[in-house]
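Have a look at the structure below before the remarks.
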Amino acid sequence: MTGNVTKPDEVELRARLAELVQEHRDLDTAIGALSASHDLLQVSRLKKRKLQLKDQIAEINNRLLPDIIA
């Protein structure tokens, strides 16, 4: 999405961003706990989900704070 973000959209995006950041942190904790159990398949799945969340977080941040070329 390009262009300006309206105020209602910004509020919605910031709420979604907070949810994604929290889930990302939770996954980090879960990955740390599972690493000791040697459940490599589950750890791999959690890491993949964490990367997906990172991409979504970056996308929302780019929508909220677009690059300004001077």
**Fill in**
Restricting to Cα pairs under 8 Å and 6 or more apart, the percent relative contact order of the chain works out to 46 percent
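What is the dipole size for the chain, taken about its Cα centre, with +1 at each Lys and Arg Cβ and -1 at each Asp and Glu Cβ, in debye to the nearest 20?
180 debye
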**Request:** Report the one residue of Gln56, Leu46, Ile68 whose Cα lies farthest in the direction of the positive end of the charge dipole of the chain (charges on C-beta: Lys and Arg +1, Asp and Glu -1; origin at the Cα centre).
**Result:** Leu46
**Request:** Please say if the chain is rounded, prolate or oblate, where rounded means a/c under 1.5 for a ≥ b ≥ c the square roots of the C-alpha gyration tensor eigenvalues, and otherwise the choice is prolate for a/b larger than b/c and oblate otherwise?
**Result:** prolate
**Complete:** For Asp9, the net charge from surrounding residues (Cβ-Cβ under 13 Å; K, R +1; D, E -1) works out to +2
**Prompt:** So how exposed is Asp67, as accessible area in Å² (1.4 Å probe, rounded to 10)?
**Reply:** 140 Å²
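The values are calculated or read from the model by the stated rules, or taken from the named source; none is laboratory data. The shown structure was predicted, so the numbers you read here are calculated from the model rather than taken from an experiment. With ideal geometry, Cβ positions are generated from the backbone for all residues, glycine too; neighbour counts draw on all protein chains shown. Calculation scope for accessible area: heavy atoms of the full protein, side chains included, ligands and nucleic acids excluded. Shrake-Rupley method; radii C 1.70, N 1.55, O 1.52, S 1.80 Å.
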